[in-house]
Amino acid sequence: MPELPEVETIAVTLRNGRGGSPAILGHTILQARLLWERSLATPSPSEFYDRIAGQTILDIRRRGKFLTLRLSRYTLLVHLRMSGDLFVESTSAPIAPHHRLILDLSGGIRLAFNDARKFGRVWLVENPEGVLNSLGPEPLDDSFTFHDLHQMLRTHRRPLKLLLLDQSFLAGLGNIYADEALHRAGLHPLSFSSDLTLEQSEHLWRAIRQVLEEGILRNGASIDWVYRGGDFQNYFRVYQRTGKPCYNCGTAIERMVVGQRGTHFCPNCQPLK
DNA sequence: ACGAGCGCCTGTCGGC
DNA sequence: TGCCGACAGGCGCTCG
């Protein structure tokens, strides 16, 4: 489910608390309970239990789609993949279905990693760079300019949709925000990256930042049975709007498959040259 | 270097 | 009602 705006929303919520969900910053992890072993990427469960007990949560950030919890000595990295979520709940709450990892915290609360499809992963490491080092730049960083993006696009000859989904190219975009950004930029998902003019690259750069910032403003998107409180799904212009009229021109939105992912676009606003 | 195919998993939805 | 395939916000792997 989660792309950059959803992960950012979760990071901010864990850091500051939100609507009855308390902040976990400064709390100490008393013990861990792993309910699905494969949710833990590294280390082994016994080493994980030993190392995480007594660790205090000092900072919570996001890098791409990863959540990074800086602890006293280690860093806990969480990737939610398709269906993962993090909940802060009372220690006395019943264990919900699909909870995969529970961290009991000081103060009578716990952090629960819930993940119906079991694709999500958790890492406990001394150096987070080992996990994060292959990620591309952060699209919302002040230092990321449209000249940077143009240069990056020119060094590949790949369909735009595939590049935007490639986390080593740019970190944080997923299927929804890639489709939305391409629509706003007026670029066909199969356009070759190396063909973009500087002006088109600037449009894409602006569109990427706009959809991500708007997604964050709306606390992310909530879809299907996975709900996290955001409402950006009400502002999609192409994603899952197959057959419905484009808000710009009225043409029916089309769906195609690119890189085994459903891809939504307006054939009129996003022509393939 | 690239991209297709597949595996990992559970759940929902639409068609018959 | 039940079954069955398609599909789902992701990514790592193998193989051409």
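The values are calculated or read from the model by the stated rules, or taken from the named source; none is laboratory data. The structure displayed is predicted, hence computed values, not measured ones. Reconstructed Cβ throughout: ideal geometry from the backbone, glycine too, with neighbour counts over all protein chains shown.
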Checked pairs for region A:1-16, first within 13 Å of DNA strand C (Cβ to nearest atom), second part of a helix (DSSP H, G or I), C-beta under 6 Å and 6 or more apart or across chains, list as A:Glu3/A:Tyr177; A:Leu4/A:Leu212; A:Pro5/A:Leu212; A:Pro5/A:Gly215; A:Pro5/A:Ile216; A:Glu8/A:Ile216
Criterion violated by A:His99 - all others in (1) within 13 Å of DNA strand B (Cβ to nearest atom); (2) free of Cβ contacts under 8 Å to residues at least 60 places away in the same chain; (3) closer than 19 Å to A:Gln31 by Cβ satisfied | (2)
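Within region A:197-211, is even one residue within 15 Å of DNA strand C (Cβ to nearest atom) and in contact (Cβ under 8 Å) with a residue 12 or more places away in the chain?
Keep residues of region A:197-211 that are within 15 Å of DNA strand C (Cβ to nearest atom), which gives A:208, A:211.
Filter again for in contact (Cβ under 8 Å) with a residue 12 or more places away in the chain, leaving A:208, A:211.
Yes, region A:197-211 has at least one match.
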Where in region A:20-82 are the strands (runs of 3 or more DSSP E), entirely inside, with at least 1 residues that are outside the structural domain of A:Leu173 (by TED's automatic domain parsing) and within 16 Å of DNA strand B (Cβ to nearest atom)?
-> A:29-34, A:40-42, A:75-79
Go through region A:222-247 and give me each residue that's within 24 Å of A:Gln270 (Cβ to Cβ), of a type outside the set (Ser, Thr, Tyr) and within 16 Å of DNA strand B (Cβ to nearest atom).
-> A:Ile223, A:Gln233, A:Gln240, A:Arg241, A:Gly243, A:Lys244
